[in-house]
1. Taking the stated definitions as given, is THR301 over 30 Å from LYS186 (Cβ atoms), open to solvent by 50 Å² or more (accessible area, probe 1.4 Å) and at pLDDT 60 or above?
2. What pairs can you find where one residue is in the stretch 245-269 and within 21 Å of VAL195 (Cβ to Cβ), the other is open to solvent by 70 Å² or more (accessible area, probe 1.4 Å), and their Cβ atoms are less than 7 Å apart, with a gap of 6+ or different chains?
3. Give the residue that is surrounded by the fewest Cβ atoms within 10 Å (Cβ to Cβ), with candidates limited to residues of the stretch 81-126 that are within 14 Å of the chain's Cα centre (by Cα) and β-branched (Val, Ile, Thr).
4. What's the number of the only condition in (1) closer than 17 Å to THR15 by Cα; (2) at pLDDT below 95; (3) in a helix (DSSP H, G or I) that TYR109 fails to meet?
5. In this structure, does SER287 turn out to be in a helix (DSSP H, G or I), open to solvent by less than 60 Å² (accessible area, probe 1.4 Å) and at pLDDT below 55?
6. On the basis of being small (Gly, Ala, Ser), at pLDDT below 80, crowded, with 19+ Cβ neighbours inside 10 Å and under 26 Å from the mean Cα position of the chain (by Cα), does GLY212 make the cut?
7. List the pairs whose first member sits in the stretch 15-35 and is more than 14 Å from ASP288 (Cβ to Cβ), whose second member is of a type in the set (Phe, Trp, Tyr) and open to solvent by 30 Å² or more (accessible area, probe 1.4 Å), and whose Cβ atoms are under 6 Å apart, counting only residues at least 6 apart or on separate chains?
8. Any idea which residue in the stretch 170-179 is surrounded by the most Cβ atoms within 10 Å (Cβ to Cβ), counting only those that are touching a residue at least 24 places away in the same chain (Cβ under 8 Å) and more than 10 Å from TRP116 (Cα to Cα)?
Amino acid sequence: MSRSCAAGGSEFRSTGIAGAVLFSAVFFVALYGFGRITCVQGGADCDPFYCLFSFPPLGHRQYGGQDELESASALQWLPTPKQTYFLLIALMCALELPRYCIMALEDEYKCSAKTWIYSLHMIANAVFFCSYSIICSLWQDSVGASSKVALFRAPVLILLNGSFFVLCAVGFVLCLRAKDMFEFFKTDFYAVYTVIDAGKNLLFFSMISYSGYMILKPLWDHRSRTDSIDETTEHRFKSIMIKLELLLLACFISSMLRFGMLIYKVTILDAGVSGSWYTGPVWWLLSDFIPRLLPSVGFMTIMFGSVLVGKSGQQHHLLQAEDMHEEEEEEEEEGKNLHGP
């Protein structure tokens, strides 16, 4: 069995460029989404990047029926769960970018002596699962009390993420001490880490899929029982269901790909294979790009859409209240005119 590090070919440079472009795009989308959500939730009509770098953040208040912007209180400095998700995705992309930039510049990966880039990748992995914990928590809050699972509650999620972060921190140090990444890949620790990573992928995606199913189930039942709803509501109802169904499908595909590719990697490393079986473009596509970016962008789209729907619903109710108030004033004025002075 060969335990040496064999240098790769030009596939590293092309993969590095592709990864740098994709993760940079998602990084800026996450930052933009965070700023936009801050604007929408705060009621501010401003540029998302202005909201992103506005300190203190803008709040939305009403005084005497008039809307005014004011500085948020100390408590409002804390980001909401949805804002935290966008920030975690941006942080995950920022931690992944050095790996792809070095690949693009040096046209090398597994034989690279810059092991710190893989150390950052492991921390990015922990951040990635923290973002999915937020999804699990949010979706569990959306289902009925009888459908909630103890495994998805905040203390358990904190324990799972804390344990995995400790594992990643140990790997961070061990990887830094290795002479190159292939040497680190051949350690027993890396084999254990990869198996745990694969199992955690499967666990978290299963949790998300279950929560998504419990959200969709009453929607399916409600739709089958409801005959008379207006066209606008029907269109919005269908749109939400289709997006959730597609997102669950993306989660299932991503989890199966990531789980299968990681187990495959452990198997071929144990067999002493040092070629491009786990470093070629197809590997990166199936193991990193699709499982990381596809569901991440999907969840950002769903969460931003839910904020907009909620905001538009609030505006709709406000407009209805204003119309009713105007009608009452008109009726009162007409009554005065009829009865005379």
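1. Here the answer is yes, as THR301 does meet what is asked.
2. SER254/LEU294; VAL266/VAL195; ILE268/TRP277
3. This residue is THR84.
4. TYR109 satisfies all of (1) closer than 17 Å to THR15 by Cα; (2) at pLDDT below 95; (3) in a helix (DSSP H, G or I) except (3).
5. no
6. For GLY212, the condition - small (Gly, Ala, Ser), at pLDDT below 80, crowded, with 19+ Cβ neighbours inside 10 Å and under 26 Å from the mean Cα position of the chain (by Cα) - is met.
7. Short answer, once both residue conditions are applied: GLY33/PHE304; GLY35/PHE49.
8. Ranking the candidates gives GLY171 first.
The values are calculated or read from the model by the stated rules, or taken from the named source; none is laboratory data. Just so you know, these numbers come straight off a predicted model, no measurement behind them. Don't worry about glycine lacking a Cβ; one is built from the backbone with ideal geometry, like all the others, and counts go over all protein chains shown. Calculation scope for accessible area: heavy atoms of the full protein, side chains included, ligands and nucleic acids excluded. Shrake-Rupley method; radii C 1.70, N 1.55, O 1.52, S 1.80 Å.
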